[in-house]
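First the structure, in the form of structure tokens, and then the observations on it.
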Ligand SMILES: Nc1ncnc2c1ncn2[C@@H]1O[C@H](COP(=O)(O)OP(=O)(O)OP(=O)(O)O)[C@@H](O)[C@H]1O
Ligand SMILES: [Mg+2]
């Protein structure tokens, strides 16, 4: 079953007289549990596509079905509730709330869930342990390195156990070692927990660790290789 | 977690962890609320002293067309005439000597009252802090002093107290809620008549304090007293005590009601301070709000957070300012005294509560527009703006 089905997806931005066709008739199917890298030149519409999949932006035309739910049918609040249970989003620039500690940042999405305080605490602690930051609960973002910040952001994205993780150049701002660390983490999430991951990247070696690469150019999907679908762990191409 | 409660911890952290911004804003609100509460307390004092209550039973008989204790002179013998007017329960001749006829914060008013009866009655509603009534009775130059005056002049029972050319001995100090008792020293009528008039015109008093039996007949009794003395050598004007104070204190009342503008302006300042602080905070947090919404928080959550923060700022500043005003007024025991009457500025729980509530409500209202803007901003737009 496909986790994500996009049909005739279009996104136009209107700036004065000018209409910028950021995405044009994008059709894409992504299978549950797969790890997809999204590549393409700057301005090709990668972030736009990711935002549409995350339900933080609305398409101009076309449909997006995720886990059998047409997210175009959801109203503003419905979409917010849907995001809080189904999507974990990882940004290039981490986007932690500066006034909150690592622990509190990771706790944020769980405050929307009907769980006990004890369970919330356990889940936050687990998520921070998973990303190797069990000893940094009380640190503020400004007291962490970029790599550590990004790992907090990953913990925040996975703490609700979403089916879909979207990552926009998650290693784009990191040094080589931190980037490798973050990639190891994403590969592990995909393999061990079966989470579907769509990741934007500019770096071919980073893309190589995903199971499949989708290319965007000028708002269109281009020469997607046939039969390249599948789970990352079905292929031996990624290094560990 | 409950939709309203889940925003509280984040809002609290935003306030408590941006210490400088919060302290500056709260301090500004506190100062403005302090001013508001202070002015309101003054207005409250004026209202209480000058607005006739339904249960008012006191009249003041004064010399007609005279407005200062120095010039109001009435024969003590009027006492019997006044007491005979139907509806009069009691009439007390009072001699008033002040050290300053104009409005002032350091006025001493001597009231000469009869040796028997008056002080016993009068002290029923008040409490003697030190000294005793027996001491007062045993010496002709003894005075019983109101607590505000005693505190200001640092008087204790047994001290000598000289003012306005009158040399007295403090026999007791009493606490009273009545503004008219604050700057007052009760002396023996005969003693004050002799000393003040340098032995000349004994039997002359300044005014008569009259109690009526039925508050609804207050005006009628006043008219009847003046009627009866109209053709005498010294015609009188009799007014309810509140009206008497209102007339004597008209300058201060005009000033205080003008100060009311300052009170309302202070509230405008509270509003402006919070509106500004919140507008800046919301602009600073465009990205934070976009993050929260990405995580599933709704526009309503964001709006509520902003209103909550504005309300909390108002509540904190309002509480500090209003409570500080309450304490300052209680501590300072301010009284405006003029022509022998006083208007007290007293701290009241209701003025304090109103100050806190208004600051909180104004804060919340000041947060509404920024809250609306923040809640309507598209998430993607938020990330691009930040
Ligand atoms: N809110 C917006 N208003 C106007 N134009 C927009 C908006 N968002 C995106 N665009 C335009 O859409 C196009 C695609 O933007 P997008 O951010 O998706 O590119 P990208 O592939 O992520 O690029 P990069 O690799 O540089 O991040 C760009 O031309 C961009 O200027
Ligand atoms: Mg991008």
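Does residue A:118 satisfy being more than 10 Å from chain B (Cβ to nearest Cβ), touching a residue at least 40 places away in the same chain (Cβ under 8 Å) and out of contact with any helix residue (DSSP H, G or I) (no Cβ under 6 Å at 6 or more places or on another chain)? Talk me through it step by step, then tell me what you get.
Details: more than 10 Å from chain B (Cβ to nearest Cβ): yes; touching a residue at least 40 places away in the same chain (Cβ under 8 Å): no; out of contact with any helix residue (DSSP H, G or I) (no Cβ under 6 Å at 6 or more places or on another chain): yes.
Spelling it out, it is not the case that residue A:118 is more than 10 Å from chain B (Cβ to nearest Cβ), touching a residue at least 40 places away in the same chain (Cβ under 8 Å) and out of contact with any helix residue (DSSP H, G or I) (no Cβ under 6 Å at 6 or more places or on another chain).
For region B:2-46, how many residues are assigned to a helix (DSSP H, G or I) and surrounded by fewer than 14 Cβ atoms within 10 Å (Cβ to Cβ)?
Restricting attention to region B:2-46, the residues satisfying the condition of being assigned to a helix (DSSP H, G or I) are B:7-16, B:19-46.
Among the residues that remain, those that are also surrounded by fewer than 14 Cβ atoms within 10 Å (Cβ to Cβ) are: B:12, B:16, B:19-20, B:23-24.
Result for region B:2-46: 6.
Can you say whether residue A:80 is buried (at least 21 other Cβ atoms within 10 Å of the Cβ), in a strand (DSSP E or B) and either on the phi < 0 side of the Ramachandran plot or within 14 Å of ligand 2 (Cβ to nearest atom) (or both), as far as the supplied structure shows?
no
Here are some conditions: (1) over 20 Å from the mean Cα position of the chain (by Cα); (2) closer than 30 Å to residue A:204 by Cα; (3) within 12 Å of another protein chain (Cβ to nearest Cβ). Residue A:140 meets all but one. Which one does it not meet?
That leaves (2) as the condition not met.
Can you tell me which residue in region A:45-58 is farthest from ligand 2 (Cβ to nearest atom), limited to those that are surrounded by 22 or more Cβ atoms within 10 Å (Cβ to Cβ) and assigned to a loop (DSSP other than H, G, I, E, B)?
Only one residue fits best here, namely A:55.
Does residue A:71 satisfy the criteria of being closer than 26 Å to residue A:209 by Cβ, more than 10 Å from every other protein chain (Cβ to nearest Cβ) and either more than 16 Å from ligand 2 (Cβ to nearest atom) or over 19 Å from the mean Cα position of the chain (by Cα) (or both)?
no
I need a count of the residues in region B:71-107 that are at pLDDT 80 or above and part of a loop (DSSP other than H, G, I, E, B).
Residues in region B:71-107 being at pLDDT 80 or above and part of a loop (DSSP other than H, G, I, E, B): 8 in total.
In region A:29-61, how many are under 26 Å from residue A:77 (Cβ atoms) and within 9 Å of ligand 1 (Cβ to nearest atom)?
Residues that pass the stated criteria total 6.
From the list A:217, A:184, A:173, A:203, which one is surrounded by fewer than 19 Cβ atoms within 10 Å (Cβ to Cβ), over 14 Å from residue A:30 (Cα atoms) and at pLDDT below 90?
Working: A:217 fails: at pLDDT below 90; A:184 fails: at pLDDT below 90; A:203 fails: at pLDDT below 90.
That would be A:173, the only listed residue that is surrounded by fewer than 19 Cβ atoms within 10 Å (Cβ to Cβ), over 14 Å from residue A:30 (Cα atoms) and at pLDDT below 90.
Condition check: surrounded by fewer than 20 Cβ atoms within 10 Å (Cβ to Cβ), away from every other protein chain (no Cβ under 14 Å) and closer than 30 Å to residue B:49 by Cβ. Does residue B:342 satisfy that?
no
Taking region A:139-182 on its own, how many of its residues are out of contact with any strand residue (DSSP E or B) (no Cβ under 6 Å at 6 or more places or on another chain), within 16 Å of ligand 1 (Cβ to nearest atom) and closer than 20 Å to residue A:83 by Cβ?
0
The values are calculated or read from the model by the stated rules, or taken from the named source; none is laboratory data. Given the structure is predicted, the values throughout are model-derived calculations rather than measurements. Ideal geometry is used to build each Cβ from the backbone, glycine not excepted, and the neighbour counts take in all protein chains shown.
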